[in-house]
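Worksheet for the structure shown next.
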Amino acid sequence: MKSLFALCFSFFAVAVAAQDLAPDALVKKISDEVIGIIKQDQDIRAGNQKKINEMVDAKVLPHFNFSRMTALAVARNWPKASAEQQKALTSEFRTLLVRTYSSALSTYKNQAIEVKPLRAAAGDTDVTVRTQVKQPGAEAVSIDYSMEKTPSGWKVYDVVVGGVSLVTNYRETFNAEIRDGGVDGLIKSLVSKNHSLDTQASSKPK
Amino acid sequence: MLRRFLGLLLLTALVGCATTGGNPHDPLEGYNRAMFGFNEGVDKAIIKPVASGYKTVMPEFARTGVTNFFSNLRDVWIGVNNILQGKVGAGASDFGRFGINTTIGLLGLFDIASNAGFEKHNEDFGQTLGRWGVGSGAYVVLPILGPSSVRDGLSLLAVDWRGDPLWYVGNIPTRNELVGVRLVDGRANLLDVGRLAEEAALDHYAYIRDAYLQRRRNLIYDGNPPPEPDPDKTSESGHSKDAAARAGTELPPARITTQWGERIITAVDEELTPAREFSEAKSQPASARQEAAGAPGSVYEPRIPYNNDALPVAPGVRTGFAQTNLRP
């Protein structure tokens with residue numbers, strides 16, 4: 001009986017690939033993996049940005065929907081952009097967000113991440129997974145992931161840290177850029193921002 | 001003295017209220033950008049180097065002790081504000097925290113209460129006023145103190161300091177030293193965040209402003225703010241834009257209809273946000289009728305132009321003044 005149970009369980013374990021994972025389970029899995037890697041890898045702990053980027057590329061980015069994120073940030077101007085402009089915006093915004101995320105990861109210091117039980121109906125295709133980052137001596141910081149169901153599993157389209165949406169926080173700036181210089185003006189600003197961060201990064205670590 | 005000066009400045013800001021056109025939350029943008037630049041200058045020249053030095057010199061456990069010490073002193077005022085907001089349980093927990101940490105935690109150097117399950121809260125009088133329904137008014141950057149609003153700034157300068165135990169330290173030099181250490185310690189804790197914000201922002205000023213406004217709104221509702229009335233999401237064009245974004249992720253169009261259809265069915269026993277209910281109520285009849293008719297092309301679907309600016313909605317609707325009487 002016991003072995004039958006174990007067999008069933010192992011069957012489930014195999015059947016549940018990342019694609020079918022519930023959104024909260026997926027967030028838990030990714031957080032655990034990433035923290036596990038950071039804790040083990042001396043280079044990452046020392047701030048080796050290249051290794052951090054590799055890990056983020058492999059573990060985190062496949063679960064993000066950057067075109068949706070960009071559309072949310074560009075908001076009402078999104079339909080005004082041509083397909084190529086949308087593509088350029090997405091690619092540049094992605095670079096900027098990924099860099100911020102990786103940079104934030106390098107400040108990680110033994111905080112515990114708690115994924116709260118999901119409050120959603122069974123058929124929901126759009127949910128918010130709430131997590132709390134607990135650190136001694138400070139108020140816990142909430143990190144909420146807005147996620148949508150796609151054929152290739154759940155995808156994150158917004159990250160809200162302490163009530164601040166990392167995506168919609170760009171809305172006013174993007175709107176102002178587009179008002180002043182059009183969609184191309186915004187693309188240009190993003191490119192030069194990413195470029196200046198590139199040169200900063202290459203001149204710093206030695 | 002400084003306090004009185006800042007209060008006067010805020011009142012002037014209130015009366016002056018020169019509109020520069022851009023962001024409805026930020027009619028004082030011209031002044032604010034100048035003050036933000038000034039603060040950045042002071043920070044780069046003095047506060048940040050001191051804070052960095054402090055962080056390098058002090059071992060981590062000592063810094064945690066200092067942070068805990070000042071954090072503990074704040075808990076009493078946090079508790080008072082929780083009670084003013086009607087959250088008696090949370091307030092009692094804050095007093096409990098203060099009691100535990102002041103005694104067992106050796107004058108607050110150790111945060112025993114957090115480990116014992118008494119959660120640390122974040123409250124101040126500005127949040128209490130917000131909870132009571134006072135709107136934030138214009139965004140204001142205060143000298144040295146940084147991002148604030150008319151409501152939060154006046155609360156800070158007129159009320160909150162009375163709940164700050166440091167101001168009751170009789171010996172003035174000692175008091176000033178304590179305030180200084182608290183400032184430096186607080187800045188040291190924010191060094192990483194400050195760097196990240198600088199890296200992430202296209203326009204540093206606007207990034208900090210918008211983060212502050214989002215953060216305050218979130219704090220007032222203790223992490224569960226009601227959805228903001230947002231023309232980008234609630235209008236029909238917002239829905240189309242969403243659909244466009246979904247299409248970008250290679251979702252077949254048929255799938256979108258099904259998704260919305262499914263959501264409409266499950267929506268019955270769900271706590272839906274008003275914004276969402278609104279947008280779906282609009283999209284439902286079109287898709288439902290489409291399915292019933294079986295001929296998608298023949299159904300008339302009303303469209304609102306993408307350009308929200310062209311909509312006949314009064315521009316004042318979204319301003320921070322909408323629910324406040326503070327408008328000059």
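Taking amide H positions as placed in the peptide plane 1.01 Å from N, state which residues far from A:Thr131 in sequence (5 or more) or on other chains have amide H under 5 Å from it.
Answer set, sorted by chain and number: A:Lys116, A:Ile143, A:Asp144, A:Tyr145.
R0 = 25 Å: FRET efficiency of A:Ser106 with A:Leu61, Cβ-based, nearest 0.05?
With a Förster radius of 25 Å, E is 0.95.
Hey, any idea what % of region B:99-198's accessible area is carbon plus sulfur with a 1.4 Å probe?
Looking at region B:99-198 in its full context, I get 67 percent from C and S.
So what is the accessible area of region A:2-203 per residue, in Å², with the probe set to 1.4 Å?
50
Sorted by average packing, counted as other Cβ atoms within 10 angstrom per residue and highest first, what order do B:54-61, A:102-109 take?
A:102-109, B:54-61
In square angstrom, rounded to the nearest 10, how much accessible surface does B:Ile104 have for a 1.4 Å probe?
B:Ile104 exposes around 120 Å² with every protein chain in place.
Going down the table (A:Lys51/A:Lys80; A:Lys87/A:Lys134; A:Lys50/A:Lys188), which pairs top 30 Å between alpha carbons?
Beyond 30 Å: A:Lys51/A:Lys80; A:Lys87/A:Lys134.
Once label points are set 7 Å from the Cα along Cα→Cβ at both A:Asp184 and B:Glu40, what is their separation, rounded to one decimal in nm?
2.8
Search the structure for amide H atoms under 5 Å from the amide H of A:Phe64, placed 1.01 Å from N in the peptide plane, and list their residues when 5 or more places away or on another chain.
For A:Phe64, whose amide H was placed from the backbone, the distant partners under 5 Å are A:Val156.
Where does chain A land at 222 nm, in deg cm²/dmol rounded to the nearest 500, when only DSSP H runs of n ≥ 4 count, each adding -39500 (n - 2.57), divided by all residues?
Per the formula, -17500 deg cm²/dmol.
Starting from the Cα of A:Asp20, step 7 Å along the direction of its Cβ; do the same at A:Ile37; then give the gap between the two resulting points in nm.
Roughly 2.5 nm, to one decimal.
At a probe radius of 1.4 Å, figure out the B/A buried accessible area, summed over both chains, and give it in Å² to the nearest 100.
Chains B and A together bury roughly 4200 Å² of accessible area.
Give me the distance between the Cα centres of region B:32-96 and region A:137-165, rounded to whole Å.
Each part reduced to its Cα centre gives a spacing of 26 Å.
Give the Rg (one decimal place) followed by the Dmax (whole number) of region A:2-203, computed from C-alpha coordinates and expressed in Å.
19.0, 69
Could you tell me what fraction of 2.2 N^0.38 Å the Cα radius of gyration of region B:44-180 comes to, as a two-decimal ratio?
Dividing the Cα radius of gyration by 2.2 N^0.38 Å gives 1.15.
On average, how much accessible surface per residue is there in region B:76-218, in Å², for a 1.4 Å probe, leaving out ligands, DNA and RNA?
Values: 6150 Å² over 143 residues.
Heavy-atom SASA per residue in region B:76-218 reads 43 Å².
Percent relative contact order of region A:2-203, based on C-alpha pairs within less than 8 angstrom and at least six residues apart?
It comes to 22 percent, rounded to a whole number.
How large a share of the accessible area of region A:2-203, in percent, is made up of carbon and sulfur atoms when the probe is 1.4 Å and the other protein chains stay in place?
Its accessible area is 57 percent carbon and sulfur atoms.
Taking every DSSP beta bridge with both residues inside region A:2-203, roughly what % is antiparallel (nearest 5)?
Close to 95 percent.
The values are calculated or read from the model by the stated rules, or taken from the named source; none is laboratory data. Predicted, not measured: the structure shown is a model, and the values here were computed from it. Counting neighbours? That spans all protein chains shown, and the Cβs are built from the backbone with ideal geometry, glycine included. All accessible areas refer to the heavy atoms of the entire protein, side chains included, with ligands and DNA or RNA removed. Shrake-Rupley method; radii C 1.70, N 1.55, O 1.52, S 1.80 Å.
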